[in-house]
Amino acid sequence: MLRIPAMGFEFELNTDESEIYGFLSHGQPTRPPTWSIDVRCGAARLLSLECESEEDLSFRREEFEFVSGEGCHASISGLVIPVNSWHDLEGQRVSADSERSSPIMPHDPGELYYETHHWSLTSNQIEFGTRRKNVFPIRWKFMAEDDEDNMTEVEVEASIPLRSFRVGFENPDELSIPAAMQAARRIASEHELGEPSESFGRYVDIPLLENH
């Protein structure tokens, strides 16, 4: 689920479309992998709030009717978690603030979308639980900030699969699937990796086989 307590909304997660993926740089082989979490949501439900007036409840119901069928999308990229293997994400905890240049890449901060709302993410607290094959339970809390500097707390609890690795090439002329596979083998075994494919002329995407 993805819950926005102050607004009294809770969105059901779409696990089939949510994912974790790792990023590696071909040009910087000693650079630690970075990680992204992409959460897709489906239907919403209205939560009951304590000490809520009839007027506030009526307003929330109107807002809920407006957003309930639209779902939501939350993502964060560039999380620096230095591990020797993707298995080692288990039990990791990371804090990240989009106001700093690290550990979130400045060009790719976290975002939350639902209906017409677009929020940036800050004060992220993320915990990876005990994995089951390629699926990790995730607990993620953050503050969402809109263009008018309004802040609201958001909570995510979900079991999300690690689906793939992306190897980036700064020079498109150097793009090479064998080189990308070599980079991916720094954090995954050969038998765990699926068929690679080129993406946008600068990346190679390599799926993680689900039975590992």
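The values are calculated or read from the model by the stated rules, or taken from the named source; none is laboratory data. The structure presented is a predicted model; accordingly, all values stated were derived computationally and were not measured. Don't worry about glycine lacking a Cβ; one is built from the backbone with ideal geometry, like all the others, and counts go over all protein chains shown.
Just a few scattered comments:
- Within the stretch 154-174, the residues that satisfy the criterion of being surrounded by fewer than 20 Cβ atoms within 10 Å (Cβ to Cβ) and in a loop (DSSP other than H, G, I, E, B) are Glu170, Asn171.
- Filter result (within 18 Å of Asp38 (Cα to Cα) and among the charged types (D, E, K, R)) within the stretch 154-197: Glu155, Glu157, Arg163, Arg166
- Flag for Ser58 being surrounded by 15 or more Cβ atoms within 10 Å (Cβ to Cβ) and either modelled with pLDDT of 95 or more or of a type in the set (S, T, N, Q) (or both): no
- Test: Ser95 is surrounded by fewer than 16 Cβ atoms within 10 Å (Cβ to Cβ), assigned to a strand (DSSP E or B) and modelled with pLDDT of 90 or more: yes
- Contact annotation: residue pairs with Cβ atoms under 7 Å, 6 or more positions apart or on different chains, pairing a residue in the stretch 152-178 that is in contact (Cβ under 8 Å) with a residue 12 or more places away in the chain with a partner that is small (Gly, Ala, Ser) and part of a strand (DSSP E or B), are Thr152/Ala144; Val154/Ala144; Val156/Ala74; Phe165/Gly22; Gly168/Ser25.
- For the stretch 168-212, the set of residues classified as touching a helix residue (DSSP H, G or I) at 6+ places or on another chain (Cβ under 6 Å) and charged (D, E, K, R) consists of Arg202 only.
- With respect to (1) of a type in the set (Lys, Arg); (2) farther than 30 Å from Val204 by Cα; (3) at pLDDT below 75; (4) under 22 Å from the mean Cα position of the chain (by Cα), the lone exception for Arg100 is condition (2).
- Set side by side, the residues Pro196, Pro178 differ, and just one is at pLDDT 95 or above and crowded, with 17+ Cβ neighbours inside 10 Å, which is Pro196.
- Sole exception among (1) surrounded by 14 or more Cβ atoms within 10 Å (Cβ to Cβ); (2) touching a residue at least 24 places away in the same chain (Cβ under 8 Å) for Pro137, by number: (2)
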